[in-house]
Amino acid sequence: MKFEGKTALVTGGSRGIGRAICLELAEGGANVVLCYAGNEAAAQETVQAVEALGAKALAVHCDVSDAAGVDGLVKAAVETFGRIDILVNNAGITRDNLLMRMSEADFDQVVAANLKGAFLCMKAVSKLMLKQRYGRIVNLSSVVALRGNAGQVNYAASKAGIIGMTKSLAKELASRGVTVNAVAPGFIETDMTAALPEAARTAAQGSIPMNRLGGPEDVAKAAAFLAGDGAAYITGQVLAVDGGMSM
Ligand code: NAP
């Protein structure tokens with residue numbers, strides 16, 4: 001039970017990759033606090049799935065782009081479990097369009113949820129981790145941060161920003177026992193990618209050397225590795241989980 005006695009905060013834990021990360025950490029014995037944007041039924045289902053593994057869970061409604069909401073989320077986690085050892089910044093959205101057709105609102109919403117949300121959570125949680133002199137922060141970037149993608153100027157900007165923030169905070173916290181790393185998933189089968197046309201899915205699969213799309217659990221295993229004590233000497237890194245897509 002490598003996460004026994006530890007508490008993890010996973011943003012966007014109600015569905016997809018975030019849900020898989022909650023379960024992976026719970027399987028290792030962690031208490032899990034997850035937040036969600038609006039899908040309470042899915043969040044409660046994740047809570048039940050975590051509890052079925054014998055771990056404790058708390059779901060909190062919180063828009064990660066709202067500073068007061070994030071402060072409330074962190075307060076609820078600490079009141080319930082006393083500490084936060086692991087933060088996984090997973091919450092994210094897409095609003096895809098070609099630049100010429102992309103509205104300013106679509107740019108702002110994606111950057112607010114994906115980039116500012118991670119900033120607010122890291123700011124709130126790193127204070128606790130500094131006092132504890134222990135912490136693991138794992139941020140969800142994307143293969144599109146490394147390669148770009150037509151129709152995703154907003155999303156790619158937010159995910160490339162995640163890499164810059166990860167490396168910068170890693171330097172700030174390295175001497176205090178807190179590591180900050182990122183995972184960069186490729187094409188993972190979740191609600192986020194289910195909306196894409198079949199032609200886009202087939203094209204994506206063709207560009208993956210392993211010739212298959214990834215599953216949420218592929219990313220969860222990598223995130224759990226970076227959140228564990230086995231990754232104690234790894235910080236500021238970006239781990240691609242993409243079947244070789246970004247090589
Ligand atoms: P998903 O299935 O669409 O789930 C998104 C999750 O984020 C949901 O739990 C959602 O909550 C939550 N969320 C969205 N906006 C939020 C906000 N403002 N505040 C709090 N929670 C919010 O997405 P996914 O595919 O699992 O993606 C998870 C992460 O991996 C994202 O950061 C995504 O960019 C990244 N990623 C995904 C892929 C992929 O191929 N799927 C590839 C690379 C990177 P509700 O359930 O309440 O809506």
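Give the stretch 200-210 a look and list any residue that's modelled with pLDDT under 95 and in a loop (DSSP other than H, G, I, E, B), or say none.
207
On the basis of being surrounded by fewer than 18 Cβ atoms within 10 Å (Cβ to Cβ), within 19 Å of residue 237 (Cβ to Cβ) and touching a helix residue (DSSP H, G or I) at 6+ places or on another chain (Cβ under 7 Å), does residue 176 make the cut?
In short, yes.
Residue 217: within 30 Å of residue 5 (Cβ to Cβ) and within 13 Å of the ligand (Cβ to nearest atom), yes or no?
Here the answer is yes, as residue 217 does meet what is asked.
Considering only the stretch 128-149, state which residues are part of a loop (DSSP other than H, G, I, E, B) and surrounded by fewer than 20 Cβ atoms within 10 Å (Cβ to Cβ). Break it down stepwise before answering.
Here is the first cut: in the stretch 128-149, the ones part of a loop (DSSP other than H, G, I, E, B) are 133-134, 141-142, 148-149.
Passing the criteria: 133, 134, 148, 149.
Find the helices (runs of 4 or more DSSP H) located wholly in the stretch 5-103 whose residues include 1 or more that are away from the ligand (no atom under 15 Å from the Cβ) and either at pLDDT below 95 or farther than 27 Å from residue 225 by Cβ (or both), and list them.
Output list reads 67-81.
Would you check if there is a residue in the stretch 119-127 being over 20 Å from residue 6 (Cβ atoms), assigned to a helix (DSSP H, G or I) and within 12 Å of the ligand (Cβ to nearest atom)?
Applying the first criterion (over 20 Å from residue 6 (Cβ atoms)) to the stretch 119-127 yields 119-120, 123.
Cutting the leftovers down to assigned to a helix (DSSP H, G or I) gives us 119-120, 123.
Subset that is within 12 Å of the ligand (Cβ to nearest atom): 120.
The answer is yes; a qualifying residue exists.
Are any of the residues in the stretch 20-32 crowded, with 24+ Cβ neighbours inside 10 Å and touching a Pro at 6+ places or on another chain (Cβ under 7 Å)?
yes
Might you let me know whether the stretch 208-217 holds any residue that is acidic (Asp, Glu) and more than 24 Å from residue 110 (Cβ to Cβ)?
Scanning the stretch 208-217, I find at least one residue that is acidic (Asp, Glu) and more than 24 Å from residue 110 (Cβ to Cβ), so the answer is yes.
Looking at the stretch 69-86, is at least one residue touching a Ser or Thr at 6+ places or on another chain (Cβ under 9 Å), closer than 17 Å to residue 23 by Cβ and in contact (Cβ under 8 Å) with a residue 12 or more places away in the chain?
Within the stretch 69-86 (the criterion being touching a Ser or Thr at 6+ places or on another chain (Cβ under 9 Å), closer than 17 Å to residue 23 by Cβ and in contact (Cβ under 8 Å) with a residue 12 or more places away in the chain), the answer is yes, since at least one residue qualifies.
So, residue 234, is that one within 14 Å of the ligand (Cβ to nearest atom) and part of a loop (DSSP other than H, G, I, E, B) or not?
Values: within 14 Å of the ligand (Cβ to nearest atom): no; part of a loop (DSSP other than H, G, I, E, B): yes.
It is false that residue 234 is within 14 Å of the ligand (Cβ to nearest atom) and part of a loop (DSSP other than H, G, I, E, B).
Suppose we filter the stretch 164-199 for residues that are part of a helix (DSSP H, G or I) and either modelled with pLDDT of 95 or more or within 13 Å of the ligand (Cβ to nearest atom) (or both); how many remain?
Of the residues in the stretch 164-199, 17 are part of a helix (DSSP H, G or I) and either modelled with pLDDT of 95 or more or within 13 Å of the ligand (Cβ to nearest atom) (or both).
The values are calculated or read from the model by the stated rules, or taken from the named source; none is laboratory data. Keep in mind the model is a prediction, meaning the values are calculated, not measured. Backbone-built Cβ (ideal geometry, glycine too); neighbour counts: all protein chains shown.
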